[in-house]
Amino acid sequence: MPDVFDLAPKVELHLHLEGAIPKDTLWDLVRKYGGDPAVPTRASLVDHLQYKSFAQFIDTWWWMTGFVRSYQDFESVAESVALDLSRQHIVYAEASFSPTDFERHGLSPQGIATAIRRGLARVPGIQVVLNCDLVRDTGPQRAATTLAAVMEVASQADIRGITIGGSEQTYPPELFENVFRSAREHGIRRTAHAGEAAGPQSVRSALDVLKVERVGHGVRVVEDASLLARVVDDQVPLEVCPTSNIRTGVVAGWEVHPVGELLDAGANVTISSDDPTFFHTSVADDLRTVAELYSADAVALTERAIAASWMTAEEKTSCLRTTTDWWAEHR
């Protein structure tokens with residue numbers, strides 16, 4: 001039976017489009033391109049999406065990219081993701097996409113972005129804006145090239161921001177200082193994965209070197225008291241994805257997840273699902289568990305996400321009205 005967390009209008013800031021492909025759609029793509037002996041059935045797909053480490057998760061992500069090979073695939077993926085978000089009552093999402101992961105199929109960042117927008121446009125009633133993941137593993141030069149490419153279609157595809165995901169522990173923020181400076185100069189909004197696979201210094205560098213406006217994950221700020229105090233004092237928005245951290249082995253379990261400490265300290269926590277298909281979760285699931293374990297207020301968490309989003313002022317006002325009106329009727 002759906003509860004208020006399932007039915008309430010929600011906002012998600014940290015969502016990878018390719019990591020949100022519904023399992024049925026992903027299975028169709030696997031079959032379309034000849035299948036994989038390691039995943040012989042739809043049921044075995046769930047078992048395949050299990051990891052013992054962050055590195056194993058990255059390997060499985062790369063496996064997935066082998067089955068999204070055309071612009072039509074991206075269009076279909078985007079439509080299916082938007083339909084799934086709509087079914088979850090997510091009214092606004094920022095979906096990142098990683099074009100360099102698909103270059104081996106002969107696809108350009110511009111073509112991928114516009115194909116995604118065509119697919120998203122087929123689903124009314126939900127607003128999905130795009131962030132381009134520059135994929136730190138490809139290095140700063142490729143990141144700069146990708147940024148220049150997506151900027152050509154930023155208006156057409158409604159690309160509002162950038163991030164850097166991937167192997168944070170190997171490719172630190174300092175490598176991407178010039179890329180993020182260029183984005184800032186062109187009015188592109190900025191977030192970065194930091195404080196997930198690497199420690200608090202990664203967050204500090206994302207703030208000081210990349211000048212990010214939000215931090216993706218950021219949970220390891222609790223390992224540095226002075227950084228935690230700074231993040232709280234400055235109310236830096238944190239895109240916390242608890243189940244993701246547990247599934248990739250960054251955190252041992254819910255009982256030791258830093259989200260409770262962050263909330264107690266007064267940090268500006270928002271909740272997202274990250275890669276819901278890969279981690280078998282949803283933003284409703286994570287909101288529910290955070291509320292139950294840490295007495296967090298789901299309304300306040302949603303309001304924080306709205307405030308930290310890349311929405312325009314008018315969009316924020318409308319979204320806030322939608323969420324507050326719903327909760328006023330159902331509390």
Open item on the list: Go through (1) touching a Phe, Trp or Tyr at 6+ places or on another chain (Cβ under 9 Å); (2) modelled with pLDDT of 95 or more; (3) part of a loop (DSSP other than H, G, I, E, B) for Ser167 and report which single condition fails.
Closed with: (2)
Open item on the list: Take the residues in the range 143-164 that are polar (S, T, N, Q) and outside any strand (DSSP E or B); name whichever of them is surrounded by the fewest Cβ atoms within 10 Å (Cβ to Cβ).
Closed with: Ser155
Task: Pairs, first touching a residue at least 40 places away in the same chain (Cβ under 8 Å) in the range 223-239, second crowded, with 17+ Cβ neighbours inside 10 Å and part of a loop (DSSP other than H, G, I, E, B), C-beta under 8 Å, six or more apart - done: Pro237/Asn268; Glu239/Gly218; Glu239/Ser272
TODO: Determine whether Asn131 is part of a helix (DSSP H, G or I), touching a residue at least 24 places away in the same chain (Cβ under 8 Å) and either under 19 Å from the mean Cα position of the chain (by Cα) or surrounded by fewer than 19 Cβ atoms within 10 Å (Cβ to Cβ) (or both).
DONE: no
TODO: Please verify whether the range 178-193 includes one or more residues that are among the hydroxyl-bearing types (Ser, Thr, Tyr), in a helix (DSSP H, G or I) and in contact with a Gly (Cβ under 8 Å, 6 or more places away or on another chain).
DONE: no
TODO: Please specify each residue of the range 238-261 satisfying the condition of being surrounded by 17 or more Cβ atoms within 10 Å (Cβ to Cβ), part of a helix (DSSP H, G or I) and either over 15 Å from the mean Cα position of the chain (by Cα) or among the charged types (D, E, K, R) (or both).
DONE: Ile246, Arg247, Trp254, Val259, Gly260
Open item on the list: As an exercise: evaluate Val215 against (1) touching a strand residue (DSSP E or B) at 6+ places or on another chain (Cβ under 6 Å); (2) assigned to a helix (DSSP H, G or I) and give the number of the one condition it does not meet.
Closed with: (2)
Open item on the list: Considering only residues that are in contact with a Leu (Cβ under 9 Å, 6 or more places away or on another chain) and buried (at least 17 other Cβ atoms within 10 Å of the Cβ), which ones fall in the range 167-181?
Closed with: Pro173, Phe176, Val179, Phe180
Task: Those residues of the range 46-57 which are among the aliphatic types (A, V, I, L, M) and modelled with pLDDT of 90 or more, in sequence order - done: Val46, Leu49
Open item on the list: So Glu315 passes all but one of these: (1) touching a residue at least 60 places away in the same chain (Cβ under 8 Å); (2) at negative phi; (3) in contact with a Leu (Cβ under 8 Å, 6 or more places away or on another chain). Which condition number does it fail?
Closed with: (3)
Open item on the list: Show me the helices (runs of 4 or more DSSP H) found entirely inside the range 283-331 where at least 3 residues are among the acidic types (Asp, Glu).
Closed with: 283-294, 313-330
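The values are calculated or read from the model by the stated rules, or taken from the named source; none is laboratory data. These numbers were taken from a predicted model, which means no experiment stands behind them. We place every Cβ from the backbone using ideal geometry, glycine too, and count neighbours over all the protein chains shown.
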